[in-house]
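Here the structure comes first, spelled out in structure tokens, and everything after it is commentary.
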Amino acid sequence: MLCDRIKDSPQATSEVAKEIFKLLTVDNSIRVQQLVQLIEFCSKNGNILFLKALSSKPFVNPILNQLKITRGKINKVKLKLLTRPVRIRREQTEMQLLALIQIWADTFMMKED
């Protein structure tokens, strides 16, 4: 299982984070939504090294870009032309990304205490 692999070694943690980073730059909304669910699962069941790898600048930028796309800061006309299911999927992805950021914030706040 992926979470067990993440917990076992720091090298596996960085490899998984790199692979997730490669997949996150895709513009397919279904794949991004599935990837966000995977990240959430691994964040909850992984170790602190995985969370630190995901909070690095190269990984955070694609997440912020996904939020910009879903919030309409990029290609406003394109977003208006999307069909209803695609818009709903993008909204769900946005909510998952925001929840994921909140999970990270809560986790790091607990680790500091």
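The values are calculated or read from the model by the stated rules, or taken from the named source; none is laboratory data. Since this is a predicted model, take the numbers as computed values, not measurements. Positions of Cβ are generated from backbone atoms using ideal geometry, with glycine treated the same way; all protein chains shown enter the neighbour counts.
Those residues that are surrounded by 12 or more Cβ atoms within 10 Å (Cβ to Cβ), more than 12 Å from the chain's Cα centre (by Cα) and not hydroxyl-bearing (Ser, Thr, Tyr), I need them from the range 1-25; list them, please. Answer for the range 1-25, where residues must be surrounded by 12 or more Cβ atoms within 10 Å (Cβ to Cβ), more than 12 Å from the chain's Cα centre (by Cα) and not hydroxyl-bearing (Ser, Thr, Tyr): 2, 3, 5, 6, 7, 10, 12, 15, 16, 18.
Regarding residue 30, is this residue at pLDDT 80 or above and farther than 23 Å from residue 3 by Cβ? Taking the combined requirement at face value, the residue does not satisfy it.
Residues that are assigned to a helix (DSSP H, G or I), modelled with pLDDT under 75, among the hydroxyl-bearing types (Ser, Thr, Tyr) and buried (at least 16 other Cβ atoms within 10 Å of the Cβ) occur at least once in the range 62-81. Condition (residue is of a type in the set (A, V, I, L, M, F, W, C), surrounded by 14 or more Cβ atoms within 10 Å (Cβ to Cβ) and either more than 10 Å from the chain's Cα centre (by Cα) or not in a helix (DSSP H, G or I) (or both)) applied to the range 29-40: is it met by at least one residue? No, the range 29-40 contains no residue that is of a type in the set (A, V, I, L, M, F, W, C), surrounded by 14 or more Cβ atoms within 10 Å (Cβ to Cβ) and either more than 10 Å from the chain's Cα centre (by Cα) or not in a helix (DSSP H, G or I) (or both).
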